[in-house]
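A short worksheet on the structure shown next.
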Amino acid sequence: MSGGPVYRRATPADAEMLCALMSDPAVFGGLLQLPYPSADAWRKRLEEQVLQPAALHLLALDAHGATPAVIGSAGIHPIGPSQRQKHVGGMGICVAPAWQRRGVGSELVRRLLDWADNWAGYLRVELQVYTDNVAALALYRKFGFDREGTLRAHALRDGRFVDSHLMARLHPRQPQVDVTH
């Protein structure tokens, strides 16, 4: 087995490992989620995700120690139930601090966008990112995301209201009808 991370779909059995990742202050400080999630809440969330065919939640695991650990989590999900927005997916990602700037985030985003473009039929993938998250902004731009606006005082983070950018990426080559016979 190589020394790199293992990538796979998240399952309800991953709740404890996701809870550990999301409880790291260096991780939850960059997310629009509340700190210290419970394993039960993550298990319920993962059980619901398994039933959503238009959603994909991927994990990056360091499976080379005695106990595997989630080092990255990323997903694309429908933004809502509206038929008129079925072509739009929302994306979120986080990577453990020790694994940042080592290609894990890029590989998670690459895999998600491949799925969104070639299998799920999403035309638009959007996300929100804090305006001061320079590394994440660079990652998203690398994959074709453009800033569409700034949401002022969008989230409460560490006792302060902070801004975030809304970014989106349109499918780079929309699917065509294959007329070969």
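Structure notes:
- Comparing GLY65, GLY90, GLY30 in a Gaussian network model of the chain (Cα springs below 10 Å), the most mobile by mean-square fluctuation is GLY65.
- Candidates per trypsin sites (Lys or Arg not before Pro) in the range 78-181, loop by DSSP, up to 16 other Cβ within 10 Å: LYS86, ARG101, ARG102, ARG173
- Per the Debye calculation on the chain with a single equal scatterer at every Cα and no solvent contribution, log₁₀ I(q)/I(0) for q = 0.12 Å⁻¹ amounts to -0.59.
- Environment charge of ALA60, counting only residues whose C-beta is closer than 13 Å and scoring Lys/Arg +1, Asp/Glu -1: +2
- Each stretch of four or more DSSP H residues adds -39500 (n - 2.57); spread over every residue of the chain, this sum gives -7000 deg cm²/dmol at 222 nm.
- Cα gyration tensor category, rounded, prolate or oblate, for the range 28-82 with a/c compared to 1.5: prolate
- For the chain, modelled as a GNM whose springs connect Cα atoms under 10 angstrom apart, the maximal fluctuation among PRO53, PRO37, PRO97 occurs at PRO53.
- The residues of the range 44-181 present an accessible area of 60 Å² per residue when probed at 1.4 Å with all protein chains retained.
- Cα centroid separation, the range 109-153 to the range 15-34 (Å): 20 Å
The values are calculated or read from the model by the stated rules, or taken from the named source; none is laboratory data. Every value quoted in this text rests on a predicted model; they were computed, and no experiment measured them. Note that we place each Cβ from the backbone using ideal geometry, even for glycine, and neighbour counts take in every protein chain shown. Surface areas here come from the heavy atoms of the whole protein model, side chains and all, with no ligands, DNA or RNA. Shrake-Rupley method; radii C 1.70, N 1.55, O 1.52, S 1.80 Å.
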